[in-house]
1. If you filter the range 56-127 for GluC sites (Glu not before Pro), then keep DSSP loop positions with at most 11 other Cβ within 10 Å, what is left?
2. As I understand it, the value is the acute angle between the Cα axis of helix 279-289 and the longest principal axis of the Cα atoms of the chain; what does it come to in degrees, rounded to 10?
3. Starting from the exponent 0.38 and prefactor 2.2 Å, build the expected Rg for the chain from its residue count and divide its actual Cα Rg by it.
4. Output wanted: per-residue J couplings in Hz (rounded whole) for the range 92-99, from phi through Karplus 6.51 cos²θ - 1.76 cosθ + 1.60, θ = phi - 60°, x for Gly and Pro.
5. Of K26/K139; K62/K139; K36/K184; K62/K225; K36/K232; K62/K184, which sit over 29 Å apart, Cα to Cα?
6. What residue among D148, D223, D198 shows peak mean-square fluctuation when the chain is described by a Gaussian network model with Cα springs under 10 Å?
7. Run the simple label-point estimate for H93 and E281 please: 7 Å along Cα→C-beta, distance reported in nm.
8. Under 5 Å between amide hydrogens, which residues at least 5 positions from V177 or on another chain qualify, with H placed 1.01 Å from N in the peptide plane?
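Just so it is clear, none of the values below were taken in a lab; they were calculated from the coordinates. Keep in mind that this is a model prediction, so the values were computed, not measured. Methodologically, a virtual Cβ is constructed for each residue, glycine included, from the backbone with ideal geometry; neighbour enumeration extends over all protein chains shown.
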Amino acid sequence: MLTDGDNDTQIVRVGAHDVRLTHLSKVLYPETGTTKRDVIEYYAAVADTILPHVRDRPATRKRWPDGVSADSFFQRDLGRGTPEWVVRRNLEHQTGTSTYPLVQDAATLVWLAQTAALEIHVPQWRFGRPVTKDGAPRKPDRLVLDLDPGEGAGLGECVEVARLARRILREMGLDPVPVTSGSKGIHLYAPLDGHATDEQITAVARELARTLEADHGDLVVSDMKKSLRAGKVLVDWSQDNGSRTTVAPYSLRGRARPWVAVPRTWRELGSPHLRHLEFGEVLRRIGRRGDPLTEPAPGRAGVVGRDERAGSSASVP
Ligand code: ATP
Ligand code: MN
């Protein structure tokens, strides 16, 4: 997309919009020498894959203007200099109203990358359409469980807990897909039919976490207090609250290396070599195998439709 050479400032056409890019050669990941140009190229290349997961959701950005070894900050509101074509919506908080950008197209992704917004965080619900008018927040369309390894635990323990959680979720008619967070743990995403409120989904997630803890106390904790976590995995059930966010699938992470939150297959999760993936690996795997998060799990596709599954989910309100 970008022209080669030393041209540190460019205006690029992305879809219907012009985006002004600056400081393209600035290194944002010193350990790997990854520049802002690389980050922009990543988000442009992954646009078709990430957009279905972030579209119509208010986007909280975590920005590292001087790279991952310097300061970062979360940003909810649009900043000054936001292009007028970026779709935006207001949300009321206890502390006031914020105007969020919605990541509706590749141009918005490229603009976010230009602002060194390495991480994109979104809630589990979408605004109703049309988002440019008064589409109100809808009920959550996915359940997320956040598996956090405590000290002395790692991805391996998260995989064990993910499998246990999957078994219970499938009994409820839900079909979770694992996402290696690109940081420490694993997120489990299960699509919902959109009938339950965030409070109801949170209650289901909490119950699930407590059940796992009761049955596997040597491996699982459901309490947020970190002192309890050594060697165990915290099943954080609070991600389904409507005011909470999770890093979006395919978002980069602001860690030492350019790791990404990557949807994985259950088969991959069984590999003894499972590890977090970097953005180059992610682009190659999308080309090779597509997105595990948009494909029905093998064996269930075409046998049990989404509606049918939701209808049989006795435990999900
Ligand atoms: P890890 O694998 O290291 O746990 P993570 O992305 O799951 O990575 P968590 O600390 O478990 O990180 O937090 C889960 C999610 O909660 C984050 O992805 C983020 O969206 C949100 N979150 C956490 N801390 C904050 C914060 N201070 N402000 C806004 N959102 C936050
Ligand atoms: Mn986590």
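1. Numbers: sites: E84, E92, E119; in loops: E84.
Those satisfying the criteria are E84.
2. The answer is roughly 60 degrees.
3. Values: Rg = 19.6 Å, N = 317, 2.2 N^0.38 = 19.6 Å.
Compared with the compact-globule rule of thumb, the chain sits at 1.00.
4. Whole-Hz 3J(HN,Hα) from phi for the range 92-99: 7, 10, 4, 8, x, 10, 10, 9.
5. Numbers: K26/K139 40 Å; K62/K139 25 Å; K36/K184 24 Å; K62/K225 25 Å; K36/K232 37 Å; K62/K184 17 Å.
K26/K139; K36/K232, as the Cα separations exceed 29 Å there.
6. Largest GNM mean-square fluctuation: D223.
7. The modelled label-to-label distance comes out at 3.4 nm.
8. Those lying under 5 Å, H to H, from V177 are Y189, A190.
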